[in-house]
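Input: a single structure, listed below in structure tokens.
The values are calculated or read from the model by the stated rules, or taken from the named source; none is laboratory data. Just so you know, these numbers come straight off a predicted model, no measurement behind them. Every residue, glycine among them, receives a Cβ derived from its backbone with ideal geometry; neighbour counts consider all protein chains shown.
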Amino acid sequence: MCPGSYDPVTNGHLDIIERAAGLFDEVVVAVLVNKSKKSLFTVDERLEMLREVTSQWPNVRIDSWHGLLVDYCREHHIGAIVKGLRAVSDFDYELQMAQMNQRLSGVETLFMSTNPLYSFLASSLVKEVATYGGDVSNLLPPKIEQRLLERLAEQS
Ligand code: PNS
């Protein structure tokens, strides 16, 4: 399970998904609602974008879930959550979630170190940079960048 908000998917996410797909028979990439974040794209839009940019990996499945991540994992017999760690700053919150999820369900969280090329990358930062006209072209697949720029233009 590679869970996230994916609002929108970035090259950093894709790096983790690709590496997870090389390690596991099947990888579910699930769009979950993060209540502490306001989203730019609807869940359906995020699913569509994820499907578009992961279609080259046959063992990757895209889904969404409104509820606890561990309930999805239990229902689908998923034993491992894979998360990317960019920097020490990610660690506190990720450890807290991993321990809570372990306590709630027994599902384990495995941390993968982010490719250093993407260690600064976050969807929230990409959205902010793009809002003010900064170049985000190497941070997202071209189709996703186009969708992002269109959405921001609609909103301005
Ligand atoms: O991409 P994000 O926003 O860092 O992903 C965080 C996410 C969506 C994976 C996390 O907020 C989550 O698992 N939400 C689902 C609800 C849940 O299970 N909350 C308890 C976490 S211990």
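Given GLY67, GLY133, which one is out of contact with any helix residue (DSSP H, G or I) (no Cβ under 9 Å at 6 or more places or on another chain), within 11 Å of the ligand (Cβ to nearest atom) and on the phi > 0 side of the Ramachandran plot?
Going through GLY67, GLY133 in turn, the sole match is GLY67.
Criterion first (at pLDDT 95 or above, touching a helix residue (DSSP H, G or I) at 6+ places or on another chain (Cβ under 9 Å) and over 18 Å from ASP7 (Cα atoms)) does VAL60 satisfy it? Answer is yes for this residue.
For THR131, the criteria (1) in contact with a Leu (Cβ under 7 Å, 6 or more places away or on another chain); (2) closer than 18 Å to SER5 by Cα hold in every case but one, which is (2).
The residue that is farthest from the ligand (Cβ to nearest atom), among those in region 19-44 that are among the charged types (D, E, K, R) and over 12 Å from SER5 (Cβ atoms), is ASP25. Restricted to region 125-140, and to residues there that are in a helix (DSSP H, G or I) and among the β-branched types (Val, Ile, Thr), the residue that is surrounded by the most Cβ atoms within 10 Å (Cβ to Cβ) is VAL126.
Filter region 70-114 for residues that are aromatic (Phe, Trp, Tyr) and within 11 Å of the ligand (Cβ to nearest atom) and give the result.
Within region 70-114, TYR72, TYR93 meet the criteria.
Taking the condition of a type in the set (Asp, Glu), more than 27 Å from VAL136 (Cβ to Cβ) and free of Cβ contacts under 8 Å to residues at least 12 places away in the same chain, does GLU75 pass? Against the criterion (of a type in the set (Asp, Glu), more than 27 Å from VAL136 (Cβ to Cβ) and free of Cβ contacts under 8 Å to residues at least 12 places away in the same chain), GLU75 qualifies.
Scanning region 18-45 for residues that are in a helix (DSSP H, G or I) and buried (at least 22 other Cβ atoms within 10 Å of the Cβ) yields one hit, ALA20. Here ALA122 meets the list (1) away from the ligand (no atom under 13 Å from the Cβ); (2) surrounded by fewer than 17 Cβ atoms within 10 Å (Cβ to Cβ) almost entirely, failing just condition (1).
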